[in-house]
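Below you'll find the structure, written out as structure tokens, and then a few comments.
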Amino acid sequence: MSTEPVPLAGGDARTADSVPVVSIVRSLTTELPGDQTAVFGARIWIRIAVTALGWNGNVMRATETVARLVDNGVRHGMPAEVPRKERLISLEVALTDAGGLVIDVSDLEPAFPDFEAARRGEKGRGLWQVSHLGAQITQLLPRSGTGKTVRAVLAPGPVDL
């Protein structure tokens, strides 16, 4: 097992977590506005996306994971100097050959002070809640442009109906 996370289409890991390298089977991407309407849109989009990808896992956990990551991106990843019409969140989900769901949320702010403390719940609760939903969380450099990507990987499991 390698210790490097699999980029969907580029990007470098910023954490030293042990994340197995897997192959991407299918992926879907959308862009959302960099405001609170993105959270509602992301909740709807992820339910459709996991169905289209054929992911066998807990859709409610995926929905909550995406909502919290998008909310974090909107709250902390939109620099004030960026004009409102240019503030976008990128949301990409992918199905791996092992059946996992890779969720990448990219924003426009490259800095993430004390990512590890945030993940432990010492700086807000968003990433801590995502990890308690069962996701492995890492931070990546963006594929293009500026900003950062926060990745959550959910394992397959019982499907909630």
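Quick notes on this one:
- Close amide H pairs (under 5 Å, H built 1.01 Å from N) link Glu109 with Lys148, residues at least 5 positions away or on another chain.
- Ratio of Rg to Rh over the range 24-154 (Cα coordinates, Kirkwood Rh, two decimals): 0.94
- Each residue of the range 115-121 was assigned a 3J(HN,Hα) from its phi angle through the Karplus curve 6.51 cos²θ - 1.76 cosθ + 1.60 (θ = phi - 60°); the sequence is 3, 5, 5, 5, 5, 7, x Hz, with glycine and proline shown as x.
- Net charge dipole size for the range 24-154 [Lys, Arg +1 and Asp, Glu -1 on Cβ; Debye, nearest 20]: 240 debye
- Net charge contributed by nearby residues that have their C-beta within less than 13 Å of His132 (K/R +1, D/E -1): +4
- Relative protection proxy for 45-53, 28-36, from highest mean packing down: 45-53, 28-36 (other beta-carbon atoms within 10 angstrom).
- The packing ranking of peptides 99-109, 81-91, 122-132, highest mean first, is 99-109, 122-132, 81-91, where packing means the average number of other beta carbon atoms within 10 angstrom of each residue.
- Cα gyration tensor, the range 92-146 - rounded (a/c under 1.5), prolate or oblate: oblate
- Overall form of the range 72-111 per C-alpha gyration tensor (a/c, 1.5; a/b vs b/c): prolate
- Cβ-Cβ FRET estimate between Ala80 and Ile44, R0 fixed at 41 Å, reported to 0.05: 0.90
- For the range 91-161 versus the range 35-64, the inter-centroid distance based on Cα atoms is 14 Å.
- Charge tally in the Cβ shell below 10 Å around Ile103, where Lys, Arg are +1 and Asp, Glu are -1, Ile103 excluded: -1
- Taking amide H atoms as placed 1.01 Å from N in the peptide plane, the amide H of Ile89 lies under 5 Å from those of Leu32, Gly34, each 5 or more residues away in sequence or on another chain.
Just so you know, all these numbers are worked out from the coordinates, no wet-lab data involved. These numbers were taken from a predicted model, which means no experiment stands behind them. Positions of Cβ are backbone-derived with ideal geometry, glycine not excepted, and every protein chain shown enters the neighbour counts.
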